[in-house]
Amino acid sequence: MKRVIFYSAALLAFDQSMKLIISHFFFNTGFVIVPGILSFHPMFNTNLTWVASMAEFQTPVALMVALQVFFLAAVILVYRYFIYLLDNSRTLVSGFFCFAAAGICGSFIDVVFWGGSLDFVRLFNWFTFDFKDLYLSVCVVFLFLYLIGYQKTYHRVSKEERRQKGFLRWIKKGCPNSQHPSL
């Protein structure tokens, strides 16, 4: 767990460091990275979410902070449950957690300390994003890959064993780290 937290913190530090550097030295610059596809175009997004930004809706700060705390708690709970199941690669589960935690914490820092997000990579003139947004997209890929692998093993297990490993039963047991009491 310490290694996963370290990697999450490193990703978060990279995201915030890039924003500090861009805001101080490169905010008024722009250039093409891949013609017609990617460009460097810093902008300050005060809508707080990409959905709100596309809809031109101003998300209340208190709501955004509450959502971030909720989602971080949910990610921690899901991570612990997946580690408990351990039917698939720990690498996928750890990758999911690293990128999700870094993205959510980066969003929290953006909202609380920046008052919005400094986005700087523009894709096809559709939208502009930052590393935090990329982290959240990567976490979804890790989650999807884990679930594909888990789904393959799910049907090989008896109904009783599935019931024993169920999420609600796991919560009733007190969210143990392992299926084995001695571990």
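The values are calculated or read from the model by the stated rules, or taken from the named source; none is laboratory data. Computed from a prediction, not measured in an experiment: that's the story for all the values here. For neighbour counting, all protein chains shown are included, and Cβ atoms are generated from backbone atoms with ideal geometry for every residue, glycine included.
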For this session: Determine which member of the set VAL61, VAL69, VAL111 is out of contact with any His (no Cβ under 6 Å at 6 or more places or on another chain), β-branched (Val, Ile, Thr) and at pLDDT 90 or above.
Result: VAL69
For this session: Report whether or not PHE99 is in contact with a Cys (Cβ under 9 Å, 6 or more places away or on another chain) and modelled with pLDDT of 80 or more.
Result: yes
For this session: Taking the residues in region 1-47 that are assigned to a strand (DSSP E or B) and in contact with a Leu (Cβ under 7 Å, 6 or more places away or on another chain) as candidates, determine which candidate is surrounded by the most Cβ atoms within 10 Å (Cβ to Cβ).
Result: PRO42
Seminar exercise, completed: Residues of region 83-131 being in contact with a strand residue (DSSP E or B) (Cβ under 6 Å, 6 or more places away or on another chain) and part of a helix (DSSP H, G or I), in sequence order, are ASP110
Exercise. Residues ARG156, ARG122, ARG90: which one is surrounded by 12 or more Cβ atoms within 10 Å (Cβ to Cβ), more than 30 Å from PHE44 (Cα to Cα) and either modelled with pLDDT of 80 or more or over 22 Å from the mean Cα position of the chain (by Cα) (or both)?
Worked result: ARG90
